[in-house]
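First comes the structure, then the notes that go with it.
The values are calculated or read from the model by the stated rules, or taken from the named source; none is laboratory data. Keep in mind that what you see is a predicted model, and the values were worked out from it rather than measured. Note: ideal-geometry Cβ built from the backbone for every residue, glycine included; neighbour counts use all protein chains shown. Heavy atoms of the whole protein, side chains included, go into the accessibility calculation; ligands, DNA and RNA do not. Shrake-Rupley method; radii C 1.70, N 1.55, O 1.52, S 1.80 Å.
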Amino acid sequence: MGTSQSRTSSEDNKPIDRLKRYSRADLKSPLKAAFGRRKGGLSETGDSEGTTTASDYETPIYETKPQQQPLPTLPPATPMPATVPCQYRTGKTLGSGTYAIVKEAIHVETGNHFACKVINKRLMEGREHMVRNEIAVLKRVSSGHRNIVTLHDYFETAHNLYLCFDLCTGGELFDRICAKGNYYEGDAASLIRTIFVAVQYIHNSGIVHRDLKPENLLFRTTDEDADIMIADFGLSRVMEEEKLNKLTEICGTPGYMAPEIFKKTGHGKPVDVWAMGVITYFLLAGYTPFDRDSQQQEMEAIIAGDYKFEPEEYWQNVSDTAKDFVKTCLTVDPSKRPTAAEALQHKWLADDKPHFVPDPSRADGGPADLLPNVKKAFNAKQLWRKAASTIKAVNRMALLAHADTGTAQMRENLDKYKEESRRENLETVDITYQEGVGANTSSNVSTKDHEDIVNKMARSSLDETAPAAKK
């Protein structure tokens with residue numbers, strides 16, 4: 001419309017002159033796009049007429065004929081977010097991740113306990129889509145399946161974002177197994193069957209999890225028959241039509257990532273089936289199939305599908321049916337890999353009678369106990385990882401000693417902002433619910449907000465917390 005100076009000078013013109021100026025056909029009026037298909041433009045009463053002519057904008061606005069139909073009404077303005085006193089009180093810190101901490105929280109009115117992820121807003125500047133994505137995913141699957149962690153509430157304060165989840169107090173899957181007195185192949189099959197049913201539900205909801213691993217499989221309570229829960233949807237994505245929407249980010253936990261993720265050929269729901277194959281292998285032997293001395297070697301082994309059921313001592317008590325199930329899930333070609341529904345039809349999971357190798361020392365011919373070998377292999381790997389972690393820590397300290405000022409400042413700010421989140425007292429702050437968002441809300445989050453997670457950020461989940469964070 002011209003410079004600010006010209007706009008200022010036009011302020012002195014009479015109203016009638018200003019109307020003529022905006023009605024000229026050779027000017028690109030902002031009204032033209034909206035009303036250019038109506039004959040006669042606008043009247044003083046705001047009415048319009050129904051047909052289109054070339055002279056719509058040659059007639060001054062104030063000279064148009066009275067119109068018969070009213071203009072379309074504008075949608076109501078979006079209401080301001082509601083600010084209310086917080087109904088939660090936070091307690092001890094359960095764990096800390098890359099960009100968030102996890103605290104125990106209690107809802108004042110109901111007395112219900114939750115695990116509350118607290119994310120400092122300053123750490124998420126430019127990455128807000130990561131939180132939107134996780135909320136959108138969880139709103140699709142929350143409360144829909146008993147074996148999937150539920151997002152109960154989400155709100156914000158002036159400085160932090162809060163996401164309130166089920167507080168799972170029963171511990172992680174493998175810790176629970178090691179605490180048992182015995183552990184049989186049938187137990188492993190029952191666990192995998194339950195988890196696969198939940199994975200099938202996730203996939204049917206148009207979601208790919210992308211970070212399935214034992215650390216993200218939690219028990220709801222300490223009860224013997226407690227539900228096992230799939231948690232941590234920080235890397236999950238909505239995939240409405242997989243054939244038209246392949247993902248290419250390198251993300252997940254390396255030992256559980258499928259070959260197509262490393263090859264960047266596009267991936268989708270089959271990566272979860274691959275991860276379930278790795279988890280099954282781990283639950284049967286106590287170590288993962290692609291364990292190598294370095295991540296590079298591990299990646300090469302995954303891409304090649306290079307694994308064996310060795311050493312023999314760890315697999316002699318595992319049935320061939322179970323091994324065949326693992327092989328099926330660990331099919332390198334994702335197009336030939338079974339779906340979650342097809343995996344559930346495998347005889348290791350579908351047969352009523354459990355598969356096992358009989359224990360020769362048992363007179364009743366019952367199954368062999370897998371727990372001794374599983375714990376032995378797991379403890380050996382833990383010692384190896386501890387030594388490797390010590391070496392990595394020394395190398396990291398050396399790198400930090402030579403890090404540039406910017407990197408050091410970034411790390412310092414990261415710790416500073418997370419500590420600020422840790423100290424926030426919900427008793428003294430008001431919280432904000434966006435429109436349609438509230439405690440235990442059932443409203444759906446629009447999938448229009450989904451954006452690709454950039455490769456650098458997709459490598460780590462927002463709640464990549466220590467094991468204690470999920471207990």
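Just checking, which of Met257, Met239 is modelled with pLDDT of 95 or more, among the aliphatic types (A, V, I, L, M), under 17 Å from the mean Cα position of the chain (by Cα) and not assigned by the TED database to the domain that holds Ser142? Before you say what the answer is, go through the steps one by one.
Numbers: Met239 fails: modelled with pLDDT of 95 or more.
Answer to the selection: Met257.
Applying the selection to segment 94-128, what residues are aromatic (Phe, Trp, Tyr) and more than 14 Å from Leu414 (Cα to Cα)?
Applying the first criterion (aromatic (Phe, Trp, Tyr)) to segment 94-128 yields 99, 114.
Matches in segment 94-128: Phe114 only.
If I filter segment 178-192 down to residues being surrounded by 21 or more Cβ atoms within 10 Å (Cβ to Cβ) and under 27 Å from the mean Cα position of the chain (by Cα), which single residue comes out as nearest to Asp352 (Cα to Cα)?
Top of the filtered list is Ala189.
Please state which of the following conditions Ala158 fails to meet, knowing it meets all the rest: (1) more than 23 Å from Lys375 (Cα to Cα); (2) in contact with a Leu (Cβ under 8 Å, 6 or more places away or on another chain); (3) in a loop (DSSP other than H, G, I, E, B).
Going through the list (1) more than 23 Å from Lys375 (Cα to Cα); (2) in contact with a Leu (Cβ under 8 Å, 6 or more places away or on another chain); (3) in a loop (DSSP other than H, G, I, E, B), Ala158 breaks only (2).
If you check Arg140, Arg122, Arg89, which single one turns out to be out of contact with any helix residue (DSSP H, G or I) (no Cβ under 7 Å at 6 or more places or on another chain) and open to solvent by 20 Å² or more (accessible area, probe 1.4 Å)? Quick ask: steps written out before the conclusion?
Working: Arg122 fails: out of contact with any helix residue (DSSP H, G or I) (no Cβ under 7 Å at 6 or more places or on another chain); Arg89 fails: out of contact with any helix residue (DSSP H, G or I) (no Cβ under 7 Å at 6 or more places or on another chain).
It is Arg140.
Name the one entry in Ala188, Ala179 that is free of Cβ contacts under 8 Å to residues at least 24 places away in the same chain, out of contact with any strand residue (DSSP E or B) (no Cβ under 8 Å at 6 or more places or on another chain) and among the hydrophobic types (A, V, I, L, M, F, W, C). Walk me through how you get there before you give the answer.
Details: Ala188 fails: free of Cβ contacts under 8 Å to residues at least 24 places away in the same chain.
Answer to the check: Ala179.
Taking segment 263-278 as the region of interest, how many residues are of a type in the set (Ser, Thr, Tyr) and either part of a helix (DSSP H, G or I) or buried (at least 21 other Cβ atoms within 10 Å of the Cβ) (or both)? Explain how you work it out, then say what you get.
To start, the set of residues in segment 263-278 that are of a type in the set (Ser, Thr, Tyr) comprises 265.
Narrowing further to those that are either part of a helix (DSSP H, G or I) or buried (at least 21 other Cβ atoms within 10 Å of the Cβ) (or both): none.
Here the count works out to 0.
Looking only at residues that are under 25 Å from Cys164 (Cβ atoms) and acidic (Asp, Glu) in segment 213-262, which one is least open to solvent (accessible area, probe 1.4 Å)?
Asp232
So if I check each of Val118, Val131, Val137, which one is of a type in the set (Val, Ile, Thr) and closer than 17 Å to Ile230 by Cβ? Spell out how you get there, then give the answer.
Working: Val118 fails: closer than 17 Å to Ile230 by Cβ; Val131 fails: closer than 17 Å to Ile230 by Cβ.
Only one candidate passes the filter, namely Val137.
Kindly provide the set of residues from segment 193-212 that are surrounded by 22 or more Cβ atoms within 10 Å (Cβ to Cβ) and in a loop (DSSP other than H, G, I, E, B), ordered by number.
Listed by number, the residues that qualify are His209, Arg210, Asp211, Leu212.
Looking at His129, His145, can you tell me which residue is at pLDDT 80 or above and either open to solvent by 60 Å² or more (accessible area, probe 1.4 Å) or not in a helix (DSSP H, G or I) (or both)? Walk me through how you get there before you give the answer.
Numbers: His129 fails: either open to solvent by 60 Å² or more (accessible area, probe 1.4 Å) or not in a helix (DSSP H, G or I) (or both).
Answer to the selection: His145.
Is there any pair linking a residue in segment 195-221 that is without any contact (Cβ under 8 Å) to a residue 12 or more places away in the chain to one that is open to solvent by 30 Å² or more (accessible area, probe 1.4 Å), with Cβ under 9 Å and at least six apart or on different chains, and which?
Matching pairs, first to second residue: Asn204/Ala341.
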